[in-house]
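Data block below; observations after.
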Amino acid sequence: MNFLAHAYLSFDQPKVLIGNFIGDFVRGKIDEQFEREIVTGIMLHREIDSFTDKHKLVKEAQEILKPEFSRYSSVITDMYFDYFLALNWSKYSAIPLEDFSRSVYDLLEANSSILPQKFLLPFKYMKKENWLTAYGTKTGIQRSFTGLSYRTSFDSKMELAPQFLEENHAVFESYFEYFFSELIDFSKNKLKQLQNRDGKL
């Protein structure tokens, strides 16, 4: 899953959200680098990614993409799912997406001193261009995929992913809805397990 999903799946717990959000940028002994709740968020991030990578519905969605996008199908699926989360945000949260996104940026900004250096540059552009909200717009997702295509080592064709999404919109939205429902339940239970492990209620 991508940034918006990881933020949402932190379930309004700020320190968990920080860890969940920066999970891809952290290396080494996390318990020596961050406080316990942030460590819990990092661990939750990794559990979410593992669950997603192994899930049957996600693999089926990726198979649709592979003939056109090959090795990049998993990255594209993650982006598609954030697009559908943003597009259908009101189904999942009573807080407007714009307000939620702003609160995430403000939280990360307030804790910038502990964020990984590798995260700070993308975060600068994320906030400036409002990625979390832009994921749900055609212009925003086109910009995201075009930017990714410039940074790939091979001809990824990711700039064509928004057109592919438009042509198969209903199919991928169906995959998202069924999968995300399961992912929410999984993430709630996994977070509870991680916090119980830490001696929390």
How about region 130-176: which of its residues are touching a Lys or Arg at 6+ places or on another chain (Cβ under 9 Å) and open to solvent by 70 Å² or more (accessible area, probe 1.4 Å)? PHE154, GLU166
Contacts under 7 angstrom Cβ, first residue in region 52-79 being free of Cβ contacts under 8 Å to residues at least 40 places away in the same chain, partner open to solvent by 60 Å² or more (accessible area, probe 1.4 Å) and of a type outside the set (Phe, Trp, Tyr), 6 or more apart: SER73/LYS66
I'm checking my understanding of the structure. Among residues of region 92-101 that are in contact with a helix residue (DSSP H, G or I) (Cβ under 9 Å, 6 or more places away or on another chain) and in a helix (DSSP H, G or I), which one is surrounded by the fewest Cβ atoms within 10 Å (Cβ to Cβ)? GLU98
Scan of region 11-22 for residues that are in contact with a helix residue (DSSP H, G or I) (Cβ under 6 Å, 6 or more places away or on another chain), surrounded by fewer than 24 Cβ atoms within 10 Å (Cβ to Cβ) and either farther than 19 Å from ASP106 by Cα or free of Cβ contacts under 8 Å to residues at least 60 places away in the same chain (or both), ordered by number: LYS15
Given (1) surrounded by 12 or more Cβ atoms within 10 Å (Cβ to Cβ); (2) closer than 17 Å to ASP12 by Cβ, where does PHE123 come up short, assuming only one miss? (2)
Give just the number: which of (1) of a type outside the set (Gly, Ala, Ser); (2) at pLDDT below 90; (3) part of a helix (DSSP H, G or I) does PHE179 not satisfy? (2)
Failed condition for PHE84, given (1) closer than 16 Å to SER10 by Cβ; (2) crowded, with 19+ Cβ neighbours inside 10 Å: (1)
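The values are calculated or read from the model by the stated rules, or taken from the named source; none is laboratory data. If you're wondering where the values come from, they're calculated on a predicted model, not measured in any experiment. Positions of Cβ are backbone-derived with ideal geometry, glycine not excepted, and every protein chain shown enters the neighbour counts. Heavy atoms of the whole protein, side chains included, go into the accessibility calculation; ligands, DNA and RNA do not. Shrake-Rupley method; radii C 1.70, N 1.55, O 1.52, S 1.80 Å.
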